[in-house]
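Participant: Quick one: the structure is below, questions incoming.
Values in this text are rule-based calculations from the coordinates and carry no lab data. No experiment lies behind these values; they were computed from the predicted model shown. Cβ sites come from the backbone with ideal geometry, for glycine too, and all protein chains shown count toward neighbours.
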Amino acid sequence: METAWEIARSDGLAALTLRAVAERIGMRSPSLYSHFDSKNAIYDAMFAEGWADLRSLTDRTLRRASVPRRMLLQLAELFFDFATDDLARYQLMNQRTIPDFQPSEQGYAESLAAYDGMRSWLRDAGVTHATDLDLWTALLGGFVDQQLANDPGGDRWRRQLVRLVDMYCTEVGVPGPQLRRTR
């Protein structure tokens, strides 16, 4: 898996092949089939690992806060930093850049578990409607996409997360004082 991630990060997700992985680890391609039956099986394992890593990071670092807006800002910052830290991982987890790749039921279960964790954080902040959850994921995903496409390695959109969380909270009725005082 580590070698597959190295290839994806250095050459892009599309460059990943069983042959490339086998060559880098000093194994013959047919021997790799005892571990993965196809290139999509490697993508599937990577997909599941990415979502499991996000869940683990969330569980290790986030703390429930008494101020719901502050709690949602923590969640937004954690996801944003995780997503922008690794373009290949973000693309595999959140965009459909690999033709014909669909995560397996088991791989997809990891993404659903991460979504359930996010839903729990939002529920604790008073956000319960499915459409409000959709809005949250769309806004964060859009900010990540903008950062990766227009300011890779920078912080242009990350600096706007406080404003985004305030606007979102105001729109969906999350109580508490605004996080941002001035422009």
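Participant: Quick check: residue separation of residue 156 and residue 106 times 0.36 nm, minus the Cα distance between them. What number comes out in nm?
Facilitator: Extra length from residue 156 to residue 106 when fully extended: 14.4 nm.
Participant: For region 1-68, max minus min Cα coordinate along each principal axis, in Å, sorted largest first?
Facilitator: Computed over region 1-68, the largest-to-smallest principal extents equal 55, 24, 18 Å.
Participant: For the chain, with a Gaussian network of springs between Cα atoms less than 10 Å apart, report the residue from 83, 113, 48 with the top mean-square fluctuation.
Facilitator: 113
Participant: Oh, and also: Residue 18: net charge of surrounding residues, Cβ under 15 Å, Lys/Arg +1, Asp/Glu -1, itself excluded?
Facilitator: Numbers: positive: 19, 24, 28, 39; negative: 6, 11, 23, 37, 44.
For residues surrounding residue 18, the net value is -1.
Participant: Between residue 15 and residue 59, what is the label-to-label distance in nm when each label sits 7 Å out along the Cα-to-Cβ direction?
Facilitator: In this crude label model, residue 15 to residue 59 measures out at 3.4 nm.
Participant: Under 8 Å for C-alpha pairs, at least 6 residues apart: give me the relative contact order for the chain, rounded to a whole percent. Walk me through the numbers on the way to the answer.
Facilitator: On the way: 165 pairs, mean separation 46.0, N = 183.
RCO, the chain: 25 percent.
Participant: Okay, moving on. How large is Rg/Rh for the chain, to two decimals, with Cα atoms and a Kirkwood Rh?
Facilitator: With Rg and the Kirkwood Rh in hand, the quotient comes to 1.04.
Participant: Can you work out the Karplus-derived ³J(HN,Hα) for every residue in region 61-74? Use 6.51 cos²θ - 1.76 cosθ + 1.60 with θ = phi - 60°, whole Hz, and x for glycine or proline.
Facilitator: 10, 7, 10, 4, 10, 6, 9, x, 5, 5, 5, 5, 5, 4
Participant: If you don't mind, another one. Counting only other residues whose beta carbon sits under 10 Å from that of residue 71, what net charge do I get with K and R as +1, D and E as -1?
Facilitator: Working: positive: 63, 64, 69, 70; negative: 124.
Once all neighbours under 10 Å are counted, the net charge is +3.
Participant: Please determine, in degrees from 0 to 90 and to the nearest 10, the orientation of helix 105-124 with respect to the longest principal axis defined by the Cα atoms of the chain, where the helix direction is its Cα long axis.
Facilitator: Between helix and principal axis, roughly 10 degrees.
Participant: Report the trypsin sites (Lys or Arg not before Pro) located in region 25-122 that are in a DSSP loop and have at most 11 other Cβ atoms inside 10 Å of their Cβ, or state none. Present the calculation step by step, with values, prior to reporting the outcome.
Facilitator: Working: sites: 28, 39, 55, 60, 63, 64, 69, 70, 89, 96, 119; in loops: 28, 63, 64, 96.
Passing both the DSSP loop test and the Cβ count: 28, 63, 64, 96.
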